[in-house]
There are 2 protein chains.
Amino acid sequence: MKHLRILLTGASGFIGRQALRRCVAEGHEVYAVSREAPSEPDGAFWISANLLDPADRRRIIEVAQPTHLLHLAWTTTHGAFWSALENIDWLSATLDLARIFAEFGGRRLVAAGTCWEYEVNASGNALPPKEHQLYAATKYACLVVLRQLAHKLGFGLAWGRVFFVYGEYEKPARLVPSVIKSLLAGEEARCTSGTQVRDFMHVRDLGNAFTKLLLSKCEGSFDLGSGEAVRIADLVGLLGALMDRGHLVRLGALPDRPGECPELVANVSRLHDELSFVPQYDLQNGLRETIAWWKYR
Amino acid sequence: MKHLRILLTGASGFIGRQALRRCVAEGHEVYAVSREAPSEPDGAFWISANLLDPADRRRIIEVAQPTHLLHLAWTTTHGAFWSALENIDWLSATLDLARIFAEFGGRRLVAAGTCWEYEVNASGNALPPKEHQLYAATKYACLVVLRQLAHKLGFGLAWGRVFFVYGEYEKPARLVPSVIKSLLAGEEARCTSGTQVRDFMHVRDLGNAFTKLLLSKCEGSFDLGSGEAVRIADLVGLLGALMDRGHLVRLGALPDRPGECPELVANVSRLHDELSFVPQYDLQNGLRETIAWWKYR
């Protein structure tokens, strides 16, 4: 398993930086793509490129000549990414990148999907579309086409569906960091009622899961999550308890968003049975480490 | 309903030329897009453009300023289109065209899907991909994204799934023309066993159905077919009978293709109930007219 040439896109992102660390630790030759140069070296070759530029796409494949491609880049601006038209550019760019990858002898591609794909299957005329689903729809469309492309061009393909992720370097405006930062500051953490049930995974586990999927021969789509159903309210309560500031947690202080999916939990049977992946963190340990990370920022 | 500005892509194609005729007959201002200039004028404004060129896409929308877009263009090279990588370019081009259309105030978009979409739904890990499904997968992916895009950008959307079409100007290598031409020449028509059940519609009916869908307010996907289950063997037999050359039909002379879908018939309930569409041709009349058309070519 030595000396694979891995191209990693989105390498400076929340999930990408963890996958990068693991790919390097596994002893492979890693080419890390990012729009900006990274702040620190870490055993990878960094390539600055804009994946939405066709010439850049070809250049990075020519430079890296990757055997393996872990494609995590996508538009991710907090909030806006759900309905950004840029999702369409990322769909087109991803399919083009896969084609160039295969042209240069690429053997295996792993890319990131999303748990929200389960909402946007368009067969029949089932559910009315929702604006925020443009993200999920382009991801799902990407999977539909990549499966055929992989078959035609002869590369291996796995698709890792991301659920709810937390941990170091998460964007401060998102749920876990915003609660931690409020409580650290001794301020109220104002939340919705938090009745939705979700599946949380520590970002380091997720980076490891993507890396293990990349280095395996498993084909098809995998839910990458913990498999554990956790109410948002219980997650926030646990943060309050771990920080000894439960009295500052204000569940129900913000209005619930209408039409939210009540439950979204990963089916981890393939992840466990076929990939034999075991997470390092349970929710309590993962949150504890995340709190510590924010404390010393 | 007067004076809609209709942009029609694929206007010189097999289906497009029929839709064009009908759009013009309905009294609308029709801008017909084709890669080559057409041989005859027919009440439409012709625009020569390559839809795979981003600048051309913008130019045709700027020129036509369409309120309605009937998008029939796609890669269609006989045989090769199933697995051509160009399908990916058409997916990207179609999504981009839709975006530009909306940007310039477009109100309603109708595009062509395919009955083969029913094979490529990728949720779960159901069926292994087949190379010929790249076409169907890109069409299906297009629908998945267009639904969300229509919702976000505020244009109406309908998707017409094409089944099996025959009639004037069909490519000679396809089933109906090749049998007719053989029998007209007094030669054997060598076919497979033809046990597959399909849904046949005359191309003029299909062009009318697309036009009616475009001019309606119906939303979502519609199977555009006759709803009648016909064995390929019976279709070929009917051609032989209508031409009085049944003795030249050789069913089973060619090997069956492995893994062919045994039955593919349109569900026409939406087409009938919501769009109130009634075809003009039954199979016998449609084939009779098609035979006559080939006789005097």
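What to note about this one:
- Residue count for the range A:262-293 under the criterion of being assigned to a helix (DSSP H, G or I) and open to solvent by less than 30 Å² (accessible area, probe 1.4 Å): the result is 5.
- Residue list for the range B:90-105, restricted to those being more than 9 Å from chain A (Cβ to nearest Cβ) and either open to solvent by 10 Å² or more (accessible area, probe 1.4 Å) or within 18 Å of residue B:206 (Cβ to Cβ) (or both): B:90, B:102, B:103, B:104, B:105
- Checking each residue in the range A:243-261 for being open to solvent by less than 50 Å² (accessible area, probe 1.4 Å) and either closer than 16 Å to residue A:295 by Cβ or aromatic (Phe, Trp, Tyr) (or both) picks out A:243, A:248.
- Of all residue pairs spaced 6 or more apart or on separate chains, those with beta-carbon atoms under 8 Å, a first member in the range B:162-181 that is farther than 16 Å from residue B:288 by Cβ and a second member that is basic (Lys, Arg) are B:163/B:198; B:164/B:198; B:169/B:17; B:172/B:181.
- In the range A:106-132, residue modelled with the highest pLDDT [restricted to those that are open to solvent by 20 Å² or more (accessible area, probe 1.4 Å) and assigned to a helix (DSSP H, G or I)]: A:116
- Residue within the range A:5-20 that is modelled with pLDDT of 95 or more, open to solvent by 10 Å² or more (accessible area, probe 1.4 Å) and farther than 20 Å from residue A:204 by Cα present: yes
- Yes/no for residue B:213 being open to solvent by less than 10 Å² (accessible area, probe 1.4 Å) and at pLDDT 95 or above: yes
- Filtered by the rule that a residue be more than 19 Å from the chain's Cα centre (by Cα) and facing chain A (nearest Cβ under 10 Å), the range B:106-122 gives B:121, B:122.
- Put simply, of B:135, B:140, B:169 the only residue that is closer than 27 Å to residue B:20 by Cβ and either more than 14 Å from chain A (Cβ to nearest Cβ) or modelled with pLDDT of 95 or more (or both) is B:169.
- All of A:207, A:227, A:237, A:259 fail the test of being in a helix (DSSP H, G or I) and farther than 24 Å from residue A:4 by Cα, apart from A:237.
- Among residues of the range A:22-33 that are in contact (Cβ under 8 Å) with a residue 60 or more places away in the chain, those with a beta-carbon under 7 Å from a residue that is in a helix (DSSP H, G or I) and buried (at least 19 other Cβ atoms within 10 Å of the Cβ) at least six positions away or on a different chain give the pairs A:22/A:207; A:22/A:208; A:22/A:211; A:23/A:211; A:26/A:211; A:26/A:215.
- Hey, residue A:146 part of a helix (DSSP H, G or I), touching a strand residue (DSSP E or B) at 6+ places or on another chain (Cβ under 9 Å) and closer than 26 Å to residue B:96 by Cα or not: yes
- Scanning the range B:222-258 for residues that are closer than 15 Å to residue B:160 by Cα and either at pLDDT below 95 or within 12 Å of the chain's Cα centre (by Cα) (or both) yields B:223, B:224, B:225.
- For first residues located in the range A:42-70 and farther than 26 Å from residue A:216 by Cα, partners that are small (Gly, Ala, Ser) and open to solvent by less than 60 Å² (accessible area, probe 1.4 Å) and lie 6+ apart or on another chain with Cβ distances below 9 Å form the pairs A:48/A:34; A:49/A:34; A:52/A:92; A:52/A:93; A:53/A:93; A:54/A:93; A:56/A:49; A:59/A:49.
The values are calculated or read from the model by the stated rules, or taken from the named source; none is laboratory data. This structure is a prediction, so every number in the text was calculated from the model and none was measured. Here the Cβ is made from the backbone with ideal geometry for all residues, glycine too, and neighbour counts use every protein chain on show. Accessible surface is based on the protein model in full, side chains and every heavy atom, while ligands, DNA and RNA are left aside. Shrake-Rupley method; radii C 1.70, N 1.55, O 1.52, S 1.80 Å.
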